[in-house]
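Everything on this sheet refers to the single structure shown next.
The values are calculated or read from the model by the stated rules, or taken from the named source; none is laboratory data. Only a predicted model underlies this, so the values are computations on that prediction, with no experimental measurement involved. Cβ: placed from backbone, ideal geometry, glycine included. Neighbour counts: every protein chain shown. What goes into the accessible areas is simple: the full protein's heavy atoms, side chains included, and nothing from ligands, DNA or RNA. Shrake-Rupley method; radii C 1.70, N 1.55, O 1.52, S 1.80 Å.
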Amino acid sequence: LGDVYKRQDKKARERDEFRKAKIAAEEASRYMSEFLAKVSHEVRTPINAVLGMDEMILRESRNRDIKKYAVDIQTAARSLHSIFNEILDSSKIQSGRMEIVPVEYNLGIMLNELVSMVSVRAAEKNLELVVDVDDSMPSVLKGDDLRIKQVAVNLLTNAVKYTPEYGKIRVEAEVLGMFVRLSVSDTGIGIAPEHMNDVFQRFFREEKVHNEKGVGIGLYLAREIITKQGGYMKVVSKEDAGSTFFIYLPNEQEELSQN
Ligand code: ADP
């Protein structure tokens, strides 16, 4: 009987230790997440100062060399800014603090704004950039326009980043019953079949892209943001041929007219 008690005792001790370790791990993870959120938030202020001052140099300098240095500073500072924004968003999602603010927006206008944001970079690589918004698209949709824009910018930036020179990028928007479907297609390097789901995981990057800038949070954020608004994301891709990322958003307009 003593043996039985001893065994039960040992089990209870193990359970207790496991519980303690679990609590400690959760606390460490929460601490890390809060720490990253704080640092990212704080770091954005000096980066904005650098960008602001750099803008003055770009405006006022007549010296070509100085202007070139200032453009390089701008590129680096913007890239830092977006990395910290991604880390901040990721920690918001992890702690359930990511808020979705639905407003009315026009998808066609949004897409044209986006395309002009990446057009310079696309032109540098001689990429053809086409936008096609279906005529049946309602002029007013409901959703968090800033967050949807953030996701679309990310898909478009990826398309530009992962498509070699003289490729094609196509942005399409159409209504498919209860959903509005937005797609970004490219004729780029594509994704290996075994990594098709991994690309939405945090910090996942394919081996072959290590030369390109990025931390691998963008698609994770994208999927979380779209899912939070009642939509979903999908990717279809073929290696060395290209990829298409799809965003399905609930067509609130449709729901309203049906009720
Ligand atoms: P990042 O671009 O910063 O690495 P993302 O989360 O946006 O992070 O993408 C994760 C990974 O998915 C990329 O590192 C790349 O391997 C793959 N990927 C994303 N978009 C494309 C694309 N358009 N074509 C090929 N691979 C892509």
Q: Look at residue 161 and say whether it is surrounded by fewer than 20 Cβ atoms within 10 Å (Cβ to Cβ), within 16 Å of residue 245 (Cα to Cα) and either among the small types (Gly, Ala, Ser) or near the ligand (Cβ under 10 Å from one of its atoms) (or both).
A: yes
Q.
Of all residues being under 17 Å from residue 226 (Cα atoms) and touching a helix residue (DSSP H, G or I) at 6+ places or on another chain (Cβ under 8 Å) in segment 172-181, which is surrounded by the fewest Cβ atoms within 10 Å (Cβ to Cβ)? Just the residue, please.
A. 178
Q. Any residue at all in segment 84-100 that is open to solvent by 70 Å² or more (accessible area, probe 1.4 Å) and modelled with pLDDT under 90?
A. yes
Q) Among the residues of segment 139-153, is any in a strand (DSSP E or B) and among the hydrophobic types (A, V, I, L, M, F, W, C)? A) yes
**Q.** segment 191-209, residues that are in a loop (DSSP other than H, G, I, E, B) and under 18 Å from the mean Cα position of the chain (by Cα)
**A.** 191, 196, 197, 201, 202, 203, 204, 205, 206
Q. Going through segment 120-142 one residue at a time, which ones are open to solvent by less than 60 Å² (accessible area, probe 1.4 Å), out of contact with any helix residue (DSSP H, G or I) (no Cβ under 6 Å at 6 or more places or on another chain) and within 12 Å of residue 161 (Cα to Cα)?
A. 125, 127
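Assess whether residue 77 counts as being closer than 30 Å to residue 189 by Cα and out of contact with any Pro (no Cβ under 9 Å at 6 or more places or on another chain). Step through it out loud before you land on a result.
On the way: closer than 30 Å to residue 189 by Cα: yes; out of contact with any Pro (no Cβ under 9 Å at 6 or more places or on another chain): yes.
So residue 77 fits the description; yes.
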Q.
Here are the criteria: (1) closer than 23 Å to residue 222 by Cα; (2) touching a Leu at 6+ places or on another chain (Cβ under 6 Å). Tell me which single one residue 98 does not satisfy.
A. (2)
Q. Which of the residues that make up segment 204-254 are more than 9 Å from the ligand (Cβ to nearest atom), modelled with pLDDT under 95 and open to solvent by less than 20 Å² (accessible area, probe 1.4 Å)?
A. 251
Q: Considering (1) under 25 Å from residue 116 (Cα atoms); (2) open to solvent by less than 10 Å² (accessible area, probe 1.4 Å); (3) away from the ligand (no atom under 11 Å from the Cβ); (4) of a type outside the set (A, V, I, L, M, F, W, C), say which one residue 190 fails and leave the rest.
A: (3)
Q | From the options 141, 146, 156, residue that is within 15 Å of the ligand (Cβ to nearest atom) and closer than 20 Å to residue 106 by Cβ | A | 156
Q. Residue 49 passes all but one of (1) closer than 30 Å to residue 219 by Cβ; (2) open to solvent by less than 70 Å² (accessible area, probe 1.4 Å); (3) modelled with pLDDT of 95 or more; which number fails?
A. (1)
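Residues of segment 154-188 being part of a strand (DSSP E or B), of a type in the set (A, V, I, L, M) and under 22 Å from the mean Cα position of the chain (by Cα), which ones? Before the answer, list the steps.
Within segment 154-188, the first condition is being part of a strand (DSSP E or B), and the residues that meet it are 168-176, 179-186.
In the following step, the residues that additionally are of a type in the set (A, V, I, L, M) were identified as 169, 171, 173, 175-176, 180, 182, 184.
Selection gives 169, 171, 173, 180, 182, 184.
Answer with yes or no whether residue 68 is open to solvent by 70 Å² or more (accessible area, probe 1.4 Å) and at pLDDT 95 or above. Steps first, answer last, please.
Details: open to solvent by 70 Å² or more (accessible area, probe 1.4 Å): yes; at pLDDT 95 or above: yes.
Taking the combined requirement at face value, the residue satisfies it.
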